[in-house]
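Remarks on the structure that follows.
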Amino acid sequence: MTTRTPLSSQTSSIVQPSQSLVRLTQVEKHYRHHFSLQIDELDIAPGAWVAIHGKSGAGKSTLLHLISGIDYPDSGKVILFGKNLTTYSEAALAQLRRNQLGILYQRYFFIPHLPVWQNITSKLVPDGISTVERRRRAKLILEEFQLTEMMDRSPQHLSGGEQQRAALARALINDPDLLIVDEPTSHVDNETQSCILRHLQKRQASGTTILVATHDPNLLRHADTHYEIDNGNFLAS
Amino acid sequence: MTKSTPADHSNPTTPSSPGDKPGPWSRHFNLVCAAIENLTRNVLVYLIASVALITGLTLLLTTVAVSEGLKTQALRAVRSGADIYCTWDYFGRPGPFPRSEIETLSSIEGVTRTIPRIIGRTQVADELAIVVGIPLHALSDEKLQLSGALPVPNPDRPQVLIGYELARHLNLNVGDRLTLQNVSSIVFQVTGITKTTSSLWSAKAIVCDINEAVILFDEPNHVSDICLYTLTGAERRTQEIVQRTHERVKAQTQEQVRNYVTLGMTLREGVFSGFFILALVLAIGSFSVITYHGFAPRRREIALLKAEGWNTTEIIEMIAVENTFVSFLSTALSLILAIIWVRIFRAAMIAPVLIAELPLFPEMDIPAIFTPLCPVLATLFSLVVTMSGSIYTTWRTATAPVAAALQ
């Protein structure tokens, strides 16, 4: 049994166990004058499983984008690992995404000309990890998702369920501290849903903080906390 | 909270052995490999994007090579020619040179030899030929590459030396007979044919004795110009004397002629500069649109890499490596195409811009020299095109909010 490096030592700012891993205060995000997301306060503790639910278009994905730093709020603060996201340098933010964040996008977003294993390990490329080592790691994680046979195929040749599992494998390849998943069980069969749930539970058990946007009552049931977003307004459930 | 993992070798994030720790250059090596991977998996996209670039480069390389070949030939011809060229000033333009002046020019101090020339045009069958009439004994000193022999004065059977292209076109061989349109009563015998490496104008030339040229053009009292040969180092002084003593004679030294030739070539090359700028703009535009700016999958790919933890510098480094490869490959392909264009298609549509009276599709070999400067120039050109067409747009995409670029 090996002990993982504590989260606090990997980040530039120290996150104490009592502190929030993610904190949003007075956050607003507007889209083309007709949609806005407003969050007065949101705290996510390290190791928690937080679920966000709400109707389609309510702002769940926008919230996940703001927390993962792939979009920025118009006002307010997004504190990630104890530091305001807007104060991260470009290099520090890249390092954070590479080492501590795992993101499962709603629409998978694979690079179509690269095989599955290269898609899964793309975040390891700038770390200088060799091709052999990347392939080894891809094989290991794809074994967990019963996708070993697919590793050399184009992602376009995978079924919807296989793509979803491959996308989750990509999000987990760096063993992230914060896993952000957007609608992981939508449009997939029951077997894939179970597989995804099993992996999320396993990750939470090993200390990963999970933030999931979902409609799936099964996923909501396993969450420690869940919040509802209704037409851009953030409500605690 | 402290995270722990159950294992070691089964954990994808654990290196397989301590030796797998990345070295300082591993990151760059990985980015080069990623660039090659992108290229090999998107060959068609890059090929389409590079069409304008390759077209521009082929045009550039062909022009530079033909221009260089022509310049070298012209300068070689000038070097092996006379020391001073004298023409008669006729309303400010070169006009017929009175033969009576030859005697006085020969008597100038420092002049060792005086060779009058008659240069004109005539029709041979359906081909326009250039007749060069000179005292044939002067030919013996010329460094000509030919098959057969030099013509010699022969009043019974006038002899001529003809250019390679004319011989090919009229299907003439050494020993054949030839009549010209001007005076069909004179039957010439072909004693020699110049080879392709001789200067371009001579490829369509008929070199005969000056006395036969006098009959051909019916001009007994005038010649086209006079070539003076002087003592070594006496060119300038002789030129001054000629200008001082013969008001209507315009004398030009070999050095001046050489400068005119070089200038003329430079001006012709300048005509192509406009085409190159146009080609450059088109190439940058098409490269940018097809590979990056207007190519949504590529923008999404960049955004995805950014979301996965690549920083802008790493993305630009990968794109720059891709473009460097594209530049080298485009240069190599363009060089091959340019060589084919010159050697097989005789620089069709390009040579006529540089050489007067040449048809769009020349039937004669065009002199061309591919100097080492050609690939260097082409590589620089293609680097400018690919980098200009990609780096800025990549940077724009990489610095834009990832969420927007992913849509």
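Sub-6 Å Cβ pairs linking a first residue in region A:144-159 that is over 25 Å from residue A:201 (Cβ atoms) to a second residue that is among the aromatic types (Phe, Trp, Tyr), at least 6 apart or interchain, are A:155/A:110, ordered by first then second residue. Filtering region B:40-50 to residues that are farther than 10 Å from residue A:113 by Cα and within 12 Å of another protein chain (Cβ to nearest Cβ) leaves B:43, B:44, B:45, B:46. Among residues of region A:117-129 being within 8 Å of another protein chain (Cβ to nearest Cβ) and buried (at least 19 other Cβ atoms within 10 Å of the Cβ), the one that is farthest from residue A:143 (Cα to Cα) is A:126.
Scanning region B:202-226 for residues that are in contact with a Cys (Cβ under 9 Å, 6 or more places away or on another chain) and more than 24 Å from residue B:146 (Cβ to Cβ) turns up just one, B:226.
Considering each residue of region B:258-268 in turn, none proves to be of a type in the set (Val, Ile, Thr), part of a helix (DSSP H, G or I) and within 14 Å of chain A (Cβ to nearest Cβ).
Only one of the numbered conditions (1) within 30 Å of residue A:66 (Cβ to Cβ); (2) modelled with pLDDT of 95 or more is violated by residue A:142, and that is (1). Would you mind stating whether residue B:331 is closer than 26 Å to residue B:26 by Cα, among the polar types (S, T, N, Q), part of a helix (DSSP H, G or I) and out of contact with any Lys or Arg (no Cβ under 7 Å at 6 or more places or on another chain)? It is false that residue B:331 is closer than 26 Å to residue B:26 by Cα, among the polar types (S, T, N, Q), part of a helix (DSSP H, G or I) and out of contact with any Lys or Arg (no Cβ under 7 Å at 6 or more places or on another chain).
Of everything in region A:163-210 that is surrounded by fewer than 18 Cβ atoms within 10 Å (Cβ to Cβ) and not charged (D, E, K, R), the residue that is farthest from the other protein chains (Cβ to nearest Cβ) is A:190. Just name the residue that is farthest from the chain's Cα centre (by Cα) out of those in region B:366-394 that are buried (at least 19 other Cβ atoms within 10 Å of the Cβ) and over 12 Å from residue B:284 (Cβ atoms). The selected residue is B:394. Considering B:180, B:161, the condition of being buried (at least 17 other Cβ atoms within 10 Å of the Cβ) and in a loop (DSSP other than H, G, I, E, B) is satisfied by B:180 alone. Residues in region B:242-256 that are exposed (fewer than 13 other Cβ atoms within 10 Å of the Cβ) and basic (Lys, Arg): B:244, B:248.
For region A:91-102, the criterion of being within 11 Å of another protein chain (Cβ to nearest Cβ), assigned to a loop (DSSP other than H, G, I, E, B) and touching a strand residue (DSSP E or B) at 6+ places or on another chain (Cβ under 8 Å) is satisfied by at least one residue.
State the number of residues belonging to region A:140-162 that are within 12 Å of another protein chain (Cβ to nearest Cβ) and more than 21 Å from the chain's Cα centre (by Cα). So the answer is 2. Anything in region A:59-72 that is closer than 14 Å to residue A:41 by Cα and away from every other protein chain (no Cβ under 11 Å)? List them, or say none. Hits for region A:59-72 are A:63, A:67. Is it the case, given these coordinates, that residue A:134 is within 18 Å of residue A:115 (Cβ to Cβ), buried (at least 19 other Cβ atoms within 10 Å of the Cβ) and in contact with a Leu (Cβ under 7 Å, 6 or more places away or on another chain)? In short, yes. Scanning region A:52-77 for residues that are buried (at least 23 other Cβ atoms within 10 Å of the Cβ) and in a strand (DSSP E or B) yields one hit, A:52.
Evaluate the following for residue B:186: is it touching a residue at least 24 places away in the same chain (Cβ under 8 Å), in a helix (DSSP H, G or I) and farther than 30 Å from residue B:381 by Cβ? No. Considering only region B:327-337, I want to know if a residue exists there that is of a type in the set (Phe, Trp, Tyr), surrounded by 17 or more Cβ atoms within 10 Å (Cβ to Cβ) and modelled with pLDDT of 90 or more. Within region B:327-337 (the criterion being of a type in the set (Phe, Trp, Tyr), surrounded by 17 or more Cβ atoms within 10 Å (Cβ to Cβ) and modelled with pLDDT of 90 or more), the answer is no, since none of the residues qualifies.
Scan region A:103-116 residue by residue and report those that are at negative phi and either facing chain B (nearest Cβ under 8 Å) or part of a loop (DSSP other than H, G, I, E, B) (or both). A:103, A:105, A:106, A:107, A:110, A:111, A:112, A:113, A:114, A:115, listed by residue number. Residues that are within 31 Å of the chain's Cα centre (by Cα), buried (at least 17 other Cβ atoms within 10 Å of the Cβ) and either more than 14 Å from chain A (Cβ to nearest Cβ) or among the hydrophobic types (A, V, I, L, M, F, W, C) (or both) within region B:283-326 comprise B:283, B:284, B:286, B:287, B:288, B:290, B:320, B:321, B:323, B:324, B:325, B:326, listed in sequence order.
The values are calculated or read from the model by the stated rules, or taken from the named source; none is laboratory data. None of the values given here were measured: they were computed from a predicted structure. Neighbour counts are summed over all protein chains in view; Cβ atoms, including those assigned to glycine, are modelled from backbone coordinates with ideal geometry.
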